[in-house]
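Have a look at the structure below before the remarks.
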Amino acid sequence: MIEESRRSAGDNSGAAPYDFGGKWQPSDVELARRIERNNRNRRNMAIAALSSLIVLGALSILVVTSPGWKTLRDTFFDWAYGLEILPKVILGFTTNVLLTLIAGTIVAINGLVIALLRTSRSPALTPFRILATVYVDVFRGVPMLLVILLVGFGIPALQIKGLTNNVLILGTTAVIITYSAYVAEVIRSGILTVHPSQRAAARSLGLSHTQTLRYVVLPQALKRVTPPLLNDLVALIKDTGLVSILGVTDAIRAAQIQTSKTFNYTPYVIAALIFLAVTIPLTRLTDRSLRRSLERENAQGQA
Amino acid sequence: MSTPVLSIEKLRKSFGSEVVLEDISFTVQEHSATVFIGASGSGKSTLLRCINLLEQIDDGTITLDGEDISRADIDADLVRRKLGMVFQSFNLFPHMTVLENIILAPTKVQGLDYESAVADALVLLDRFGLRDKADQYPDRLSGGQQQRVAIMRSLIRKPRLLLLDEITSALDPVLVNEVLSAVKDLKSEGMTMVIATHEMGFARQVANELCYLHDGRILEWGSAEKVLEKPEKKETREFLYRVHQAGRL
């Protein structure tokens, strides 16, 4: 009981389990240590600043003094021109965003279904399990560019009535086909990392196979694969640019059109910056979610 | 004597070519505790997992309340509703609070409404002195507290038979006592139990029947006094001597 009250006191205050009345003052030894630590930190910061200055400074001097710098600056970093075509590229980028949202949603559902099929053991699902395995093997192994070309030019060539010739829909379909295979594998690996003892506990409580999956396995699995899935989302945003080869006017295609008019490559740089404006925050979010999930796992390890 | 709650006849279980349990026969009467002792790897955990149908047996029969639960067409989910199981490693669900862990089976399996399930759970939490932990996640609890939650999670389902699989093996000596005293309370309330344990003192206190399991066979059985004080078999004596050397007797 004493053990318990100490523990709960510790939980509430976040302080050490033993309280000596709050009269503690750091000793001279500790104070000296702190001064030494501060000095060392300051020295380290100065060294880091100096070395960054030297390396980055040298690099920029190298670039700026190179013989082609002036031409490069005029053809790639013409900011006035960049500003002029910015609305067009942004308009194109809305296609990338829309495509990401639609494809992302469908991929999440597909991926989950395929992962569940691959991990199921029901005899009735055997044909679907085989199909799911073949599907993942094939589309994880074929370059996405090829899938886009095959779907984008192959399906219209079939000339089946009722099938769309809309390149945007065909391109999105190709992206969905490929990413569903990736995402299914990520989710499946998450399902496999849930320890068998969790299933045993759930089954011993009388939960059916489906209930065990729904209430015990999937919540833990999905929480664990959130960081890699966010990573796939960042990749998806970038890869939606590939549908531009079918003629879809996305950010890349919009930049390409501008560039071909003037032979100035600034629109490409602008398009790159727009992609970065979205992907960098998302990457930071991914890092944070990964860190959180690691902290959670570690906390469990200590318990 | 009335029909035993559990009766096992000539059970055999192997993993591949390794025979883990051989010729296991015993009965468990209502309100009694049958305790299995034996070295790690002697088959205690496997035996409990077989009773719970978590493992498929090679041969023999398991009868629960007069029903053969080892027959091929048995609905394992229905059988498990009558059984409670507590594991060595607690196996609480880390993504659910203590309360959610406890009411999962009542609400999802037994179809109890949420309010009644919570009311039942709070009664148990009060009894086990963990009311203030109801909304905590398991990883914030000590091992002893986690194991008591695991016991509650089984108890709320009012099992006909409770299976305890080395439930104190992952705990430090102080925490062992709080868990064992909870089990002793259950025993005095008449809960029917099959227990696998390394705690000889505890075994002596709760066992109506004590079985010494050695290499997958029940080598010696009877009252706790008989097996622990006057063992007939050389292997039992050696095992008890080693436990004594380790300071656990």
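The values are calculated or read from the model by the stated rules, or taken from the named source; none is laboratory data. From a predicted model like this one, the values you see are computed outputs, not experimental measurements. All Cβ positions, even for glycine, are placed from backbone atoms using ideal geometry, and neighbour counts span all protein chains on display.
Key figures
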item: Test for residue A:226: is it in contact with a helix residue (DSSP H, G or I) (Cβ under 7 Å, 6 or more places away or on another chain), among the β-branched types (Val, Ile, Thr), farther than 18 Å from residue A:117 by Cα and within 14 Å of another protein chain (Cβ to nearest Cβ); result: yes
item: Subset of segment B:108-123 [at the interface with another protein chain (Cβ under 10 Å from one of its Cβ atoms) and surrounded by fewer than 17 Cβ atoms within 10 Å (Cβ to Cβ)]; result: B:110
item: Unmet criterion (only one of (1) within 14 Å of another protein chain (Cβ to nearest Cβ); (2) aromatic (Phe, Trp, Tyr); (3) under 22 Å from residue A:141 (Cα atoms)) for residue A:182; result: (1)
item: Residues of segment B:46-83 that turn out to be among the polar types (S, T, N, Q) and within 14 Å of another protein chain (Cβ to nearest Cβ), as a count; result: 3
item: Per-region count, segment B:188-208, residues surrounded by 20 or more Cβ atoms within 10 Å (Cβ to Cβ) and of a type outside the set (A, V, I, L, M); result: 4
item: Some residue of segment A:239-254 being at pLDDT 90 or above, of a type in the set (D, E, K, R) and closer than 22 Å to residue A:184 by Cα; result: yes
item: Residue match in segment B:31-45 (condition: within 19 Å of residue B:170 (Cβ to Cβ), touching a residue at least 24 places away in the same chain (Cβ under 8 Å) and within 14 Å of another protein chain (Cβ to nearest Cβ)); result: yes
item: Any pair with Cβ under 9 angstrom, 6 or more apart, that starts in segment B:103-127 at a residue that is over 25 Å from residue B:185 (Cα atoms) and ends at one that is among the acidic types (Asp, Glu) and not in a helix (DSSP H, G or I); result: B:107/B:113
item: Given (1) over 17 Å from residue A:215 (Cβ atoms); (2) at pLDDT 95 or above, index of the condition residue B:107 fails; result: (1)
item: Segment A:185-205 - residue that is basic (Lys, Arg) and buried (at least 20 other Cβ atoms within 10 Å of the Cβ) and, of those, farthest from the other protein chains (Cβ to nearest Cβ); result: A:188
item: Test: residue in segment B:129-140 that is more than 15 Å from the chain's Cα centre (by Cα), closer than 18 Å to residue A:201 by Cβ, aromatic (Phe, Trp, Tyr) and part of a loop (DSSP other than H, G, I, E, B); result: yes
item: Hits in segment A:61-79 (condition: within 31 Å of the chain's Cα centre (by Cα) and assigned to a helix (DSSP H, G or I)); result: A:76, A:79
item: Hey, residue B:175 among the hydrophobic types (A, V, I, L, M, F, W, C) and modelled with pLDDT under 90 or not; result: yes
item: Test: residue A:91 is of a type in the set (A, V, I, L, M) and surrounded by 13 or more Cβ atoms within 10 Å (Cβ to Cβ); result: yes
item: Strands (runs of 3 or more DSSP E) completely within segment B:12-74 that count 1 or more residues being surrounded by fewer than 18 Cβ atoms within 10 Å (Cβ to Cβ); result: B:18-28, B:59-64
item: Residue in segment B:86-98 that is assigned to a loop (DSSP other than H, G, I, E, B), more than 8 Å from every other protein chain (Cβ to nearest Cβ) and touching a residue at least 60 places away in the same chain (Cβ under 8 Å) present; result: yes
item: Enumeration of residues in segment B:186-241 that are of a type in the set (Val, Ile, Thr) and in contact with a His (Cβ under 7 Å, 6 or more places away or on another chain); result: B:192
